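Structure first, commentary second.
The values are calculated or read from the model by the stated rules, or taken from the named source; none is laboratory data. All figures in this text were calculated on a predicted structure; none of them were measured in a lab. Note that we place each Cβ from the backbone using ideal geometry, even for glycine, and neighbour counts take in every protein chain shown. The protein model used for the area step is the full one, side chains on, heavy atoms only, and it has no ligands, DNA or RNA in it. Shrake-Rupley method; radii C 1.70, N 1.55, O 1.52, S 1.80 Å.
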Amino acid sequence: MRGHRDDGNLLIDMPKENDGNFRALLRFAIESGDHALENHFKTASANAMYTSHRIQNEIIDTAGKLITANIVKRINKSRYFTVIADESTDISGIEQFSMCFRYVDKCDGKYVIREDFVCFVPVVDVTEKELANTLLTTMKNICINLAYMRGQIYDGVRAMSGKFNSSATKVRELYPEAIYVHCANHNLNLAITHACKIL
């Protein structure tokens, strides 16, 4: 969305420096005949343009919330889902979960298997109990009906998938139908890594 120079008044003519996709889309709308938008940019005061980086970030945040709500609605409508989570460290050193959901969606009379990314969740405590708590709390916060959870997919790390005190076990104590399965993509990655070392 953002460009090298995305502050100041919106120029109707294409500027020399890249001012980002957001401003390019506004310019495109004006060129396509949106006279109300064109009039707004010609007559509005500088502090009422609504094109600042802060407004752009609010639009991105709002769009993200709408997309997440739409995905959650489809997940709850399907009635059964599997949570796919992986914990890793981002570039700034913050531990986080990436959460995806696999479910069956009925679309135009056909059943389609979907696997949708929903969110990143910062993780403070990486103990088994806290990882399970973070997983369940996040799903509740985004309004996923946990009674429909039928599966859990994680990599093979002991904190997530161990037999006795893992996160998968703690989740299964509350939701016994949520069976743990080792992530097939992680297995494939391990097999390729091992094969590369053999050659």
Notebook entry, point to check: Got at least one residue in segment 137-148 being part of a loop (DSSP other than H, G, I, E, B) and surrounded by 15 or more Cβ atoms within 10 Å (Cβ to Cβ)?
Noted result: yes
Next item on the list: Just name the residue that is least open to solvent (accessible area, probe 1.4 Å) out of those in segment 37-68 that are in contact (Cβ under 8 Å) with a residue 40 or more places away in the chain and under 14 Å from the mean Cα position of the chain (by Cα).
Entry: Thr68
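Of all the residues that make up segment 86-100, how many are of a type in the set (A, V, I, L, M) and either in contact (Cβ under 8 Å) with a residue 60 or more places away in the chain or surrounded by fewer than 17 Cβ atoms within 10 Å (Cβ to Cβ) (or both)? Talk me through it step by step, then tell me what you get.
Step one: list which residues in segment 86-100 are of a type in the set (A, V, I, L, M), which gives 91, 94, 99.
Right, trim to either in contact (Cβ under 8 Å) with a residue 60 or more places away in the chain or surrounded by fewer than 17 Cβ atoms within 10 Å (Cβ to Cβ) (or both) and you get 91, 94.
Matching residues across segment 86-100 total 2.
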Checklist line | For Thr138: the one exception among (1) under 22 Å from Glu177 (Cα atoms); (2) touching a helix residue (DSSP H, G or I) at 6+ places or on another chain (Cβ under 7 Å) | finding: (2)
Item checked: Inter-residue pairs, beta-carbon under 8 Å, first in contact (Cβ under 8 Å) with a residue 12 or more places away in the chain and at positive phi and in segment 74-85, second among the aromatic types (Phe, Trp, Tyr) and not in a loop (DSSP other than H, G, I, E, B), 6+ apart -> Arg79/Tyr148
